[in-house]
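In what follows, a single structure is set out as structure tokens and then discussed.
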There are 2 protein chains.
Amino acid sequence: MIAQRLPKPDDISSAVERLKGQAVRTPLLEFPVLNARTGGRVLIKPENLQRIGAFKFRGAFNAVSRLDRERWPGGVVACSSGNHAQGVAEAARILGLDAAIVMPNDAPRLKLEGTRAAGAEVLTCDRVKSDRYAIAAELAEERRAAFVPPYDDLHIIAGQGTIGHEILEDAEDLGAEIDMVVAPCGGGGLISGIALWLKHACPTADIYAVEPAGFDDLARSLASGHRERNLSPVGSICDSLLAATPGELTFEINRNALAGALAVADNEVQAAMRFAFESMKLVVEPGGATALAALLSGRLPVADRTVAIVLSGGNVDPVQFAEILGRRTLS
Amino acid sequence: MIAQRLPKPDDISSAVERLKGQAVRTPLLEFPVLNARTGGRVLIKPENLQRIGAFKFRGAFNAVSRLDRERWPGGVVACSSGNHAQGVAEAARILGLDAAIVMPNDAPRLKLEGTRAAGAEVLTCDRVKSDRYAIAAELAEERRAAFVPPYDDLHIIAGQGTIGHEILEDAEDLGAEIDMVVAPCGGGGLISGIALWLKHACPTADIYAVEPAGFDDLARSLASGHRERNLSPVGSICDSLLAATPGELTFEINRNALAGALAVADNEVQAAMRFAFESMKLVVEPGGATALAALLSGRLPVADRTVAIVLSGGNVDPVQFAEILGRRTLS
């Protein structure tokens with residue numbers, strides 16, 4: 001993995017072609033209520049409407065479809081908190097490959113079920129006590145299967161970068177020039193792919209990553225210049241954004257391309273999920289709502305600017321969603 | 001009202017121009033999971049993403065923006081179970097007119113709040129015991145305000161017909177030819193507007209209306225050839241589709257243009273809302289989900305055909321939505 005080169009814009013162009021007819025071409029949505037509230041022109045990229053309910057299918061299909069099948073007779077192995085799991089499982093199903101995925105046993109039910117429904121074998125482990133990377137690596141070796149990393153991979157990053165490509169293409173159709181793109185950040189595959197394309201095709205745009213409070217490893221790494229680690233592996237409702245540290249490749253891109261990284265608290269994420277429900281009619285999972293939460297918190301300089309907000313996923317269990325809706329304070 | 005002529009396709013073309021920059025140009029979405037489940041190619045028209053969270057803004061803005069302001073110094077008056085209320089209130093706000101809306105006191109909180117938030121005066125009455133049409137008509141006369149009917153009006157129907165126009169335009173971009181369009185039906189403004197455009201621009205397509213069980217006045221009217229009434233004014237969760245009888249204008253269009261009308265039970269509607277939540281990440285209100293419910297129930301001949309399904313609105317209270325999510329039977 002570590003010997004991989006950094007992705008280039010051409011790798012994203014190649015991924016755009018490869019994903020045609022496979023990934024959903026998600027729209028770019030505008031909500032007058034959101035423009036009125038923020039004073040900017042807000043364009044929403046709803047990757048919760050993507051195949052498997054999250055952007056992760058893009059990178060997974062881009063990577064898995066390029067594997068040399070003869071070299072990997074055992075198919076693919078991955079480890080994931082849930083969305084990469086479903087992305088790899090769905091890509092393997094489409095391509096006719098075996099898939100085995102190591103997931104934390106406290107992953108949302110929807111993500112565990114979705115991974116199994118795509119035909120993958122699911123092996124669960126303890127989120128904190130087990131090293132699911134080590135388990136997956138061992139499994140891959142045993143089975144002569146390819147390990148598909150969740151973010152720190154040339155083709156994974158390039159696949160997620162197709163989101164940046166689509167944002168610019170659709171913004172042009174709307175007569176809009178993008179000033180800023182804001183996206184959720186865990187290991188950094190999504191934000192680095194988007195940043196890579198934007199810095200190539202729209203270099204004046206500012207790119208911001210939004211992490212969960214307590215998991216601001218990227219913000220601290222940008223400050224120190226080194227890959228910092230989070231202090232705890234638990235303590236946020238954003239189950240999809242709890243990577244321990246920035247990836248090597250993703251950080252190398254992000255340190256040069258990002259305007260900054262912000263952190264949002266659980267209650268801000270929940271408020272954003274309720275706003276998406278009431279005013280946008282979209283179901284967003286906690287980790288998928290951090291960029292929207294940062295926007296609604298008023299901490300981004302969006303007045304009179306055109307800003308694209310990525311909603312990265314919508315795989316939230318009905319029980320958790322109902323509970324978050326119920327916390328609404330009547331105004 | 002009754003002296004109005006029937007709308008023509010040109011009225012829809014005119015509404016398309018009038019709504020530019022005012023209504024949201026909602027996308028046409030495709031979900032691989034829905035194609036796999038139904039065996040057809042399903043294209044979703046998500047009018048829950050429309051301004052005010054429902055299609056009703058289209059007809060309301062088209063009608064209200066054409067009013068002669070000098071003739072109606074008191075602005076506009078409407079009666080509505082909630083979505084037309086918000087549509088008229090929002091159109092009046094944009095156009096700088098006063099608005100007073102008569103609504104049932106059991107309307108969803110989100111709809112009452114949305115109407116007030118747009119600056120309208122809301123007068124509530126009992127859904128069953130009061131005749132909200134009569135109250136609104138009297139109020140309009142008192143105030144020298146224009147009464148904006150919820151469906152039985154040339155410009156209201158033409159405004160809703162812009163949905164048919166957009167479906168065909170976006171289907172062409174996707175390389176799809178529409179074989180069938182299915183939409184929810186209350187008074188019939190939405191379905192008649194869509195049918196009017198489709199019969200003009202794509203006459204081979206079959207258009208189906210979907211009513212709530214117990215409110216199948218259109219299906220019975222199509223069978224008898226006369227406008228039939230529903231037996232009870234209550235008894236369905238589809239609060240937005242409880243009109244007592246088809247409109248005069250809407251029925252005149254629908255009797256000639258529709259392939260048929262189906263009815264769906266509350267439990268089918270709830271299952272469709274859960275499907276939209278889990279697999280499409282969209283929030284749909286009960287009345288907005290009847291066409292999807294008919295599709296998922298397997299009663300539409302969609303195999304190997306391209307079918308557009310209209311989700312007409314998403315204004316459902318969080319408490320009701322949470323309760324419906326909680327009814328999920330674990331599979």
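The values are calculated or read from the model by the stated rules, or taken from the named source; none is laboratory data. This structure is a prediction, so every number in the text was calculated from the model and none was measured. Cβ sites come from the backbone with ideal geometry, for glycine too, and all protein chains shown count toward neighbours. Just the protein is used for accessible areas: all its heavy atoms, side chains included, with ligands, DNA and RNA removed. Shrake-Rupley method; radii C 1.70, N 1.55, O 1.52, S 1.80 Å.
Helix A:266-275 versus the longest principal axis of chain A: what is the Cα-based angle in degrees, 0 to 90, to the nearest 10?
Tilt relative to chain A: about 70 degrees.
Could you calculate the contour length gain from A:Arg144 to A:Lys20, that is, 0.36 nm times the residue separation minus the distance between their Cα atoms, to one decimal place in nm?
Length gained between A:Arg144 and A:Lys20: 41.7 nm.
Starting at the first residue of segment B:186-200, write each ³J(HN,Hα) from the Karplus equation 6.51 cos²θ - 1.76 cosθ + 1.60 with θ = phi - 60°, in whole Hz, x for Gly and Pro.
Rounded to whole hertz, the list is x, x, x, x, 5, 5, 5, x, 4, 4, 4, 5, 5, 5, 7.
For A:Glu169 paired with A:Asp10, estimate the spin-label separation in nm (one decimal), with each label point 7 Å from Cα along the Cα-to-Cβ line.
Between A:Glu169 and A:Asp10, the label points sit 2.0 nm apart.
Counting Lys +1, Arg +1, Asp -1, Glu -1, what net charge surrounds B:Asp217 among other residues with beta carbon under 12 Å of its beta carbon?
Summing Lys and Arg as +1 and Asp and Glu as -1 gives 0.
In nm, what does the list of distances from A:Pro73 to its counterparts in the other copies look like, shortest first, when each label sits 7 Å along Cα to Cβ?
Label-point separations across copies, in nm and ascending: 9.1.
In segment A:5-118, what percent of the accessible surface is made up of carbon and sulfur (1.4 Å probe, ligands and nucleic acids excluded)?
C and S atoms contribute 47 percent here.
Please report the relative contact order for chain A, taking Cα pairs under 8 Å with a sequence separation of at least 6, and give it as a percent rounded to a whole number.
Across chain A, relative contact order equals 22 percent.
Would you pull out the residues with amide H under 5 Å of A:Cys125's amide H, same chain only if 5 or more places away, H placed 1.01 Å from N?
Those qualifying (amide H under 5 Å, at least 5 residues apart or on another chain) are A:Met103, A:Asn105.
What is the magnitude of the charge dipole of segment B:1-93 about its Cα centre, with +1 placed on the Cβ of each Lys and Arg, -1 on the Cβ of each Asp and Glu, and no other charges, expressed in debye to the nearest 20?
The calculated dipole for segment B:1-93 is roughly 80 debye.
If I histogram all Cα-Cα distances within segment B:50-200 using bins 10 Å wide from 0, what percent of pairs lands in each bin?
Once binned at 10 Å, the Cα pair distances of segment B:50-200 give 12, 40, 32, 13, 4, 0.
Which three extents, in angstrom, do the Cα atoms of chain A have along their principal axes, listed largest first?
Ordered largest first, chain A gives principal extents of 55, 43, 41 Å.
Looking at the protein assembly as shown only, what percent of DSSP beta bridges run antiparallel? Nearest 5 please.
10
Given label points at 7 Å from Cα along Cα→Cβ, what nm distances, shortest first, separate A:Arg93 from the same residue in every other copy?
4.1
Could you please state, rounded to a whole Å, how far the C-alpha centre of segment B:210-256 is from the C-alpha centre of segment A:32-76?
Using only Cα atoms, the two centres lie 42 Å from each other.
A:Lys281: which lysines have alpha carbons under 18 Å from its alpha carbon, excluding same-chain residues fewer than 8 sequence positions away?
A:Lys45, B:Lys45, B:Lys56, B:Lys111, B:Lys281
Please report the buried accessible area for the interface of B with A, total over both chains, probe 1.4 Å, in Å² to the nearest 100.
2300
Can you list the residues of segment B:24-66 that have at least 10 square angstrom less accessible area with all protein chains present than in their chain by itself, probe 1.4 Å?
B:Val24, B:Pro27, B:Leu29, B:Glu30, B:Phe31, B:Pro32, B:Asn48, B:Leu49, B:Arg51
Using a 7 Å offset from the Cα along the Cα-to-Cβ direction at both B:Arg299 and A:Asp68, what is the distance between the two label points in nm, to one decimal?
5.7
Do you know which residues of segment B:286-331 lose at least 50 square angstrom of accessible area in the protein assembly compared with their chain on its own, with a 1.4 angstrom probe?
B:Pro318
Which percent, nearest 5, of DSSP beta bridges in chain B are antiparallel?
Bridges in chain B are about 10 percent antiparallel.
What is the local net charge at A:Glu169, summed over the other residues whose Cβ is closer than 14 Å to its Cβ (Lys, Arg +1; Asp, Glu -1)?
-4
Ranked from the most accessible area to the least, with a 1.4 Å probe and all protein chains present, what is the order of B:Asp131, A:Asp239, B:Asp206?
Descending order: B:Asp131, B:Asp206, A:Asp239.
Taking all protein chains together and a probe of 1.4 Å, list B:Val319, A:Val269 from the most accessible to the least accessible.
So, going from the largest accessible area down, we get B:Val319, A:Val269.
Sorted from shortest, what are the nm distances separating the label point of B:Asp173 from equivalent points in the other copies, each placed 7 Å from Cα along Cα to C-beta?
So the distances to the same position in the other copies read 0.3 nm.
Given the C-alpha centroids of segment A:267-331 and segment B:160-183, what is the distance between them in whole angstrom?
Centre-to-centre distance over Cα atoms comes out at 30 Å.
Relative contact order for segment A:104-228 using alpha-carbon pairs under 8 Å, separation at least 6, rounded to a whole percent?
For segment A:104-228, the relative contact order is 18 percent.
Please report, in debye to the nearest 20, how large the charge dipole of chain A is about its Cα centre when each Lys and Arg carries +1 at its beta carbon and each Asp and Glu carries -1 there.
The calculation lands at about 240 debye.
For segment B:20-65, which trypsin sites (Lys or Arg not before Pro) are in a loop by DSSP, counting at most 12 other Cβ atoms within 10 Å?
Listed in order of number, the matching sites are B:Lys20.
Per residue of the protein assembly as shown, what 222 nm ellipticity follows from adding -39500 (n - 2.57) for every DSSP H run with n ≥ 4, rounded to the nearest 500?
It lands at -12500 deg cm²/dmol.
Around A:Ala291, what is the net charge, scoring Lys/Arg as +1 and Asp/Glu as -1 over all other residues with Cβ under 12 Å from its Cβ?
-1
Full extension from A:Arg116 to A:Asn35: what is 0.36 nm times the residue separation minus their Cα-Cα distance, to one decimal in nm?
25.2 nm
How large is the accessible surface per residue of the protein assembly as shown, computed with a 1.4 Å probe and reported in Å² as a whole number?
Each residue of the protein assembly as shown exposes 37 Å² on average to a 1.4 Å probe.
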